[in-house]
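Before any comments, here is the structure.
Bear in mind that the values in this text are calculations on the coordinates, not laboratory data. This one's a predicted model, so the numbers in the text were calculated from it and none came from an experiment. Neighbour counts are summed over all protein chains in view; Cβ atoms, including those assigned to glycine, are modelled from backbone coordinates with ideal geometry.
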Amino acid sequence: MVKALLRIFFLVLPLLFSGCRKQTVPVAAPAGLPQVTLFSPASPFNTPIPENPEIDPNSDKMRESLIKEAEDRGFFIALKSYSETVYFTGPETPVYDVVLTASWAPKRKLLNVPIPDYALADPSVDGEMVIIDTLNGCEYDFWQIKKIYGKWYASWGNALPIDGSGIFEKGMSARGCGFALAAGILWPHEFKNHAIGHALVFTYDYTKSGGPVSPATESDGTSNTDIAIPEGALVQLNPGLDLGTLGLTDYEYTIAVALQQYGMYLSDDGGGLELEAVNPLSFSGNLYEGLLPDVEYVPLDNIPVSEFRVLKLSPQDGTSEPQIVPNSCAEFR
């Protein structure tokens, strides 16, 4: 789905309520986030890269786009904007039917979604929000979600079990590539523990047109340049690189180790070479205090983008149309 073409619709929707619109004032969010294992051990996100993996023959050419994007717009973590808020539910969490407003949406409501009273979407135009229902083992993902007069509206939303792959089988996700929103994002406890046990996701502006490569199941890629990378590609930081020689900050070192061990999957089209973290709006207080700079976008200037390599790509799938695949979590009308 091409998100950029649809953002205007959701921005206009609240204007229908101009003069009388009101937002529910949230009660305080919890001080912390539960640490829940997301997705199965066999998920691509939880699978380390083996030693001596096959490198794509066009890796050097595709790396040029990563270097160019980092030089033009930076390499950073989206922390307070264009990230995701994440909320966990309990037995008393109220349940809503979320109205789906995108013109292309094949369904008009995602039913029986538990959403805490204090929930807020990421403040960017993407307005992304994740609900993790640990009681039923479900993740609910939303793109451009807002609460208006006590009702929730989103351009799109979908759900999947948290014990699966973390990938929507035939797309229709809240990401451009079919991945769950919580897949591959960074969490406060990972910086505190100096350990990330999963692959990361990244976005940038050279997403290749012509469809995704596995494990992605859809794509909003638009670039026809010969340096573009298809969504679903796995990019690895050179595992032979001596990280101790680079002058990395503590948080950069933690990320660099994960990029060597698990890599990062291209998940969406966007500006800048961007990793994503759980937005601090997800909890009261700053769980990143002393771990990350208190800024909107956290720089990763000391991780050498020139040392990235693209692992062997599967063929692009430019023919399959995204469609809803029934599962135990997503109930639509």
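List of remarks:
- Hits in segment 248-258 (condition: in contact (Cβ under 8 Å) with a residue 60 or more places away in the chain and surrounded by fewer than 18 Cβ atoms within 10 Å (Cβ to Cβ)): 257
- Screening segment 112-163 for residues that are of a type in the set (Phe, Trp, Tyr) and assigned to a loop (DSSP other than H, G, I, E, B) and picking the one that is surrounded by the fewest Cβ atoms within 10 Å (Cβ to Cβ) gives 149.
- Verdict on residue 141 being charged (D, E, K, R), within 14 Å of residue 82 (Cα to Cα) and in contact (Cβ under 8 Å) with a residue 24 or more places away in the chain: no
- Positions within segment 259-298 being polar (S, T, N, Q) and buried (at least 21 other Cβ atoms within 10 Å of the Cβ), in sequence order: 267, 279, 282
- Condition met for residue 77 (of a type outside the set (Asp, Glu) and surrounded by fewer than 22 Cβ atoms within 10 Å (Cβ to Cβ)): no
- Single unsatisfied condition, residue 105 versus (1) farther than 14 Å from residue 142 by Cα; (2) outside any helix (DSSP H, G or I); (3) not acidic (Asp, Glu): (1)
- Across segment 229-247, the number of residues qualifying as in a loop (DSSP other than H, G, I, E, B) and without any contact (Cβ under 8 Å) to a residue 24 or more places away in the chain comes to 2.
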